[in-house]
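Here the structure comes first, spelled out in structure tokens, and everything after it is commentary.
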Amino acid sequence: MTRTAALRVAIFIAVLGVPDGAVGVMWPALRSAFHRPLGDLGVLVVLMTVLYVAGGIVFSRLSHLFAVSTVIRMSCVLSLVSTVAWLAAPTWPAVLGAVAAFGLARGVIDSAVNAASAGRIRELGWLHAGWAVGGTLGPLLVAATVTGSQWRGAVAVITVLSAAVTIGAFLVSEPGVVAAEQRNRERSASAPIAVTLLVAGVFALYTAAEAGPVVWGYTYLVDERHLDATAAAFGIASLWLALVAGRVALGAAGHRVDEMKLLTWCCAVLIAALMVLWLAPTAIAVIALPLIGLASAPVFPLLINRTPAMVGPAATARVVGIAVAAAAVGGPVAVFIEGRIADAVGVWAIAPCLVIAAVVFAVFCVPLGSPMSRAGSSCT
């Protein structure tokens, strides 16, 4: 792995993975310190998500004006400034402002690093494995640094991690990258609107299919299948471990596989595993969880890697920004819809909803099998 690739993995761990795993576990301390109601966690998460989506759209614009490596450096600086502001925030509105800026930085970083790695399937595998590892470390970080209402220790560590990757972003460079990106910007950086919408839709549908089992798996097993709470928790943990393992495997051997065949197999295994979760006896249904994680693991990197073939190298950065924004929306929307359906007809309905989401995603993957025409209206 090159120094540039290692830096990108470190950025994914520090700025994306660790905060994702830490925020929910940090909330009781943050809530206690500022005397906030329990539901304000939703305000925090929605604010960060909205600005994250905005970050993807901002990157799709910036990529036409600056080299991707420059955008990565700029967004790393913003992540550092925002975490420092979060660390020093004296009031709840100040926390919200800092978290909003951090969410924007994370959206830009996610888009920029994915765009920079598009076409390098092994790097993408390591990249997203890094995010999963960071998400696993986040709760452990909070457990080690937070006591009572003293939440700043966890944010201090996130700030240090942001500082480290920001310094690395300015120190590490890859010969020829800036020149190549400049040539890309000089060519047309547009893609047909229909193709852009297809790519964005596929990304949104993937996160819709992935988020459901992660969020609702525990509730479904405990409330509907009456599985022991500890066993259900271990089942969800096995899903995450399989997700990490699958992405590490992609990082190690992704260059040896046929992308579309692997994507087809992932869709098939995901649907089969969700059917097992729905229809099999409870003792067997639990086995579906690591299969869901393993089937989900390569998909996002594969979709990023497939984007240049869909839209052309010159338009890749802009479309990846839009696709990452769409991906950030797909999961929460699906979870919300599934929750409303479960409220209306019962928890049992979660499982068939998860199967339907996976089937719809698989159907929309079919057009990815061949490069699409890049003629037509431009993406704006």
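The values are calculated or read from the model by the stated rules, or taken from the named source; none is laboratory data. These numbers were taken from a predicted model, which means no experiment stands behind them. Don't worry about glycine lacking a Cβ; one is built from the backbone with ideal geometry, like all the others, and counts go over all protein chains shown.
Conditions: (1) under 20 Å from Ala349 (Cβ atoms); (2) modelled with pLDDT of 90 or more; (3) aliphatic (A, V, I, L, M). Ala204 meets all but one. Number of the miss?
Among (1) under 20 Å from Ala349 (Cβ atoms); (2) modelled with pLDDT of 90 or more; (3) aliphatic (A, V, I, L, M), Ala204 violates only (1).
Leu65 passes all but one of (1) closer than 18 Å to Thr316 by Cβ; (2) touching a residue at least 60 places away in the same chain (Cβ under 8 Å); (3) part of a helix (DSSP H, G or I); which number fails?
(3)
Any idea which of Ser32, Ser79 is of a type outside the set (A, V, I, L, M, F, W, C), in the same structural domain as Thr166 (by TED's automatic domain parsing), farther than 20 Å from Gly168 by Cβ and assigned to a helix (DSSP H, G or I)?
Details: Ser79 fails: farther than 20 Å from Gly168 by Cβ.
Exactly one of Ser32, Ser79 is of a type outside the set (A, V, I, L, M, F, W, C), in the same structural domain as Thr166 (by TED's automatic domain parsing), farther than 20 Å from Gly168 by Cβ and assigned to a helix (DSSP H, G or I), namely Ser32.
Please work out which residue is surrounded by the most Cβ atoms within 10 Å (Cβ to Cβ), limiting yourself to segment 30-44 and to residues that are within 19 Å of Val333 (Cβ to Cβ) and in contact with a helix residue (DSSP H, G or I) (Cβ under 7 Å, 6 or more places away or on another chain).
Leu44
Is at least one residue of segment 306-320 closer than 19 Å to Thr207 by Cβ, assigned to a helix (DSSP H, G or I) and over 19 Å from the mean Cα position of the chain (by Cα)?
For segment 306-320, residues closer than 19 Å to Thr207 by Cβ, assigned to a helix (DSSP H, G or I) and over 19 Å from the mean Cα position of the chain (by Cα): present.
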